[in-house]
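Below is one structure, written out as structure tokens; comments come after it.
The values are calculated or read from the model by the stated rules, or taken from the named source; none is laboratory data. Please read these numbers as outputs of a predicted model, since none were measured by experiment. Don't worry about glycine lacking a Cβ; one is built from the backbone with ideal geometry, like all the others, and counts go over all protein chains shown. Only protein heavy atoms, including side chains, enter the accessible area calculation; ligands, DNA and RNA are left aside. Shrake-Rupley method; radii C 1.70, N 1.55, O 1.52, S 1.80 Å.
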Amino acid sequence: MNVKVLLRSLLLALLAIGAGCSVSRPDADRPVRRIERASAAPPVEQPIAKSAPAMARNLHRDKADGRIDRQPATRPAPPAPPVAAEIAATSHSAQRMAYMPAPLLPMQPMPGDINRENYSHRDSNPVQLASEQPVSTFGIDVDTGAYTNVRRMLNAGWLPPADAVRAEEFINYFDYGYTPPADREQPFSVTTELGPAPWNAQRQLLLIGIQGYRVPKAQIPASNLVFLIDTSGSMNEPDKLPLLKASLKQLVRELRKQDRVAIVTYAGSAGVALPSTAGDRHATINAAIDSLGAGGSTNGGAGIELAYAQAEQGFIKGGVNRVMLATDGDFNVGTVSEEALKTMIEDHRKSGVALTTLGFGEGNYNDAMAVMLADVGNGSHHYIDSLQEGRRVLVDEMSATLLTIAKDVKIQLEFNPAQVQEYRLIGYEKRLLKREDFNNDQVDAGEIGAGANVTAIYEITPKGSAAARIDPLRYGNPSAPTGSGNELAFLRLRYKLPGQSDSQLIERPIAAQTEAQASERLRFAAAVAAFADALRGGKYLDGYGYAQIAQLAHGARGSDADGYRAGLVQLVKLAGGLAAHGHDDASDTAAR
């Protein structure tokens, strides 16, 4: 290497280092003065870190104002020798680099920011041609967890994922005032109604309502309850274990001397926090609830085994025997596969102990697991988003939550092709059954509690309507379908009484008679069904939007002493605002 070139490079480096260490940024209009005497340096003001969007906005603003890339005016300088020019350029670059903001690293999500909520995916029920598939079969469902879970999301300011929305759980959250059975020989009454669909006058809605007989709380048989409580570390949030404890205390005041209560906890390991105790020992039960704390992982499998063992020890013949599982998330230690858990619960179910699940919290809420466990355990699933909801489930609807009056309830509807072109069952995707399952008493279906009501809605396209969604086959049979002229459909229901293994059958025809004006009951149920459909994308609503759904629900509120129907109206409005905001954001993004 040329020695002169090497020396020149070393000189440039030394001068650049000296310039960066000892020279303050000069005023470009004045010559640089040499500092003769050292003085105390002024304090250095640290730059305030800004987020990437804020820095981008500031950069855009500074460019618009001319504060970026605008150099101060300088006097012409005489040509510098080559070495001096390179030194000056190097010094100027060093000074500019000293004033450049450090690049911000992309923000990484914190562990609590990762949403690990789990929902089972199910496609919405398709439209069926009555001439090809005239029979629809499903088991009833009394879960309400989807509605309150979505309510939590909307109140937090975000739209739910489609899989979190289950139409039947929205519809069955509300009481429709069906007339109960006259006596208890038949555990429930059946109501049907046919009216125009609000979103398309050329279609109809068929409502099927089941109302269980009511049992006053004082007449509920002696109850043997085991609360299986998740006390893992993730439960240590206000909307989880503290809310659960407050909800349980609402129930404690209702317990009687003949009732028995035990509390089993599970985290890294399972334990008994309260052995089976007489229900009137309220202070003892409340003290056990107060002592609960969160910490550790989630050994749900071991907890379920121990809870069932406690339930079987305190089993009350002819009474209510139920495990109430309260949790926020996954069973991440021990028995974790769904099939293993299902097998375990099915085995214990045969002993007469049912399982109800209560969901809490957000972020790691495992809805799919909670729903599956309740279905397999002959119980119901509820999501507790507030203390008011905790009281509603555990106190106000105690008999419906705890006391089963009919089990394995199945509905089968045969549509008359002479009257019905197409039909679609709204919701109940997780309860669909094969046609032959209706008469098979070995096939499990849903349970109904005392005082509970269950509603199913079919959207129907009448024969000859211009609103048909499916085109006729080119090579299909052109002959007219046969059937009883004035019958819309034939309804069959099967159910078993508690403790019995053979089902009983109810049958009745449904007349093809449409009311000119739908009842308040049908209009409100239609609004709830439309709300669920809109949250899932509105595929079947023919453009019927949130504003129209809110107006429909508002006009059909009727008697609403507890404000639940008014609450639905507000949720529809919230969803409409969030959906419009999301649409605007998407439009802005596309425009940019």
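Points to keep in mind about this one:
- Test: residue in the stretch 435-442 that is closer than 19 Å to Val127 by Cβ, of a type outside the set (Phe, Trp, Tyr) and in contact with a Phe, Trp or Tyr (Cβ under 8 Å, 6 or more places away or on another chain): no
- Restricting Gly483, Gly464, Gly449 to residues that are modelled with pLDDT of 90 or more and on the phi > 0 side of the Ramachandran plot narrows the list to Gly464.
- The residue of the stretch 238-252 that is nearest to Ala294 (Cα to Cα), among those that are open to solvent by 10 Å² or more (accessible area, probe 1.4 Å) and without any contact (Cβ under 8 Å) to a residue 40 or more places away in the chain, is Pro242.
- Under the condition of being aliphatic (A, V, I, L, M) and either closer than 16 Å to Gly359 by Cα or part of a loop (DSSP other than H, G, I, E, B) (or both), the residues counted in the stretch 114-166 number 11.
- Considering Ala450, Ala400, the condition of being of a type in the set (A, V, I, L, M), open to solvent by less than 10 Å² (accessible area, probe 1.4 Å) and within 25 Å of Val320 (Cβ to Cβ) is satisfied by Ala450 alone.
- Every residue from the stretch 556-580 that is open to solvent by 50 Å² or more (accessible area, probe 1.4 Å) and in contact with a helix residue (DSSP H, G or I) (Cβ under 7 Å, 6 or more places away or on another chain): Arg557, Lys573, Leu574
- Filter pass, Phe170 being under 21 Å from Asp408 (Cβ atoms), buried (at least 22 other Cβ atoms within 10 Å of the Cβ) and either modelled with pLDDT under 95 or among the aromatic types (Phe, Trp, Tyr) (or both): no
- The stretch 550-569 residues that are touching a residue at least 60 places away in the same chain (Cβ under 8 Å), paired with ones that are open to solvent by 30 Å² or more (accessible area, probe 1.4 Å) and not in a helix (DSSP H, G or I) (beta carbon under 7 Å, 6 or more apart): Leu552/Pro198; Arg565/Arg557
- The residue list Ala130, Ala162, Ala197 contains one member that is on the phi < 0 side of the Ramachandran plot, open to solvent by 10 Å² or more (accessible area, probe 1.4 Å) and among the small types (Gly, Ala, Ser), which is Ala162.
- Tally of residues being at pLDDT 95 or above, crowded, with 24+ Cβ neighbours inside 10 Å and in contact with a Lys or Arg (Cβ under 6 Å, 6 or more places away or on another chain) across the stretch 136-159: 2
Yes or no, residue by residue, for (1) within 14 Å of Glu117 (Cβ to Cβ); (2) aliphatic (A, V, I, L, M):
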residue: Ala130; (1), (2): no, yes
residue: Ser136; (1), (2): no, no
residue: Ile140; (1), (2): no, yes
residue: Gly145; (1), (2): yes, no
residue: Arg151; (1), (2): no, no
residue: Trp158; (1), (2): yes, no
residue: Ala164; (1), (2): yes, yes
residue: Gly177; (1), (2): no, no
residue: Pro180; (1), (2): no, no
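- Residue list for the stretch 449-467, restricted to those being over 18 Å from Ala167 (Cα atoms) and in contact with a Phe, Trp or Tyr (Cβ under 8 Å, 6 or more places away or on another chain): Ala450, Gly451, Thr461
- Qualifying residue in the stretch 349-365 (condition: closer than 24 Å to Ala130 by Cα, out of contact with any Gly (no Cβ under 8 Å at 6 or more places or on another chain) and not in a strand (DSSP E or B)): no
- Only one of the numbered conditions (1) surrounded by fewer than 18 Cβ atoms within 10 Å (Cβ to Cβ); (2) of a type in the set (S, T, N, Q); (3) at positive phi is violated by Thr343, and that is (3).
- Residue match in the stretch 224-235 (condition: out of contact with any Phe, Trp or Tyr (no Cβ under 8 Å at 6 or more places or on another chain) and modelled with pLDDT under 95): yes
- With respect to the conditions (1) under 34 Å from the mean Cα position of the chain (by Cα); (2) over 23 Å from Leu129 (Cβ atoms); (3) not in a helix (DSSP H, G or I), Ser501 lacks only one, and its number is (1).
- Matching residues, the stretch 221-237, being under 29 Å from the mean Cα position of the chain (by Cα) and either surrounded by 21 or more Cβ atoms within 10 Å (Cβ to Cβ) or charged (D, E, K, R) (or both): Leu225, Val226, Phe227, Leu228, Ile229, Asp230, Thr231, Ser232, Ser234, Met235, Glu237
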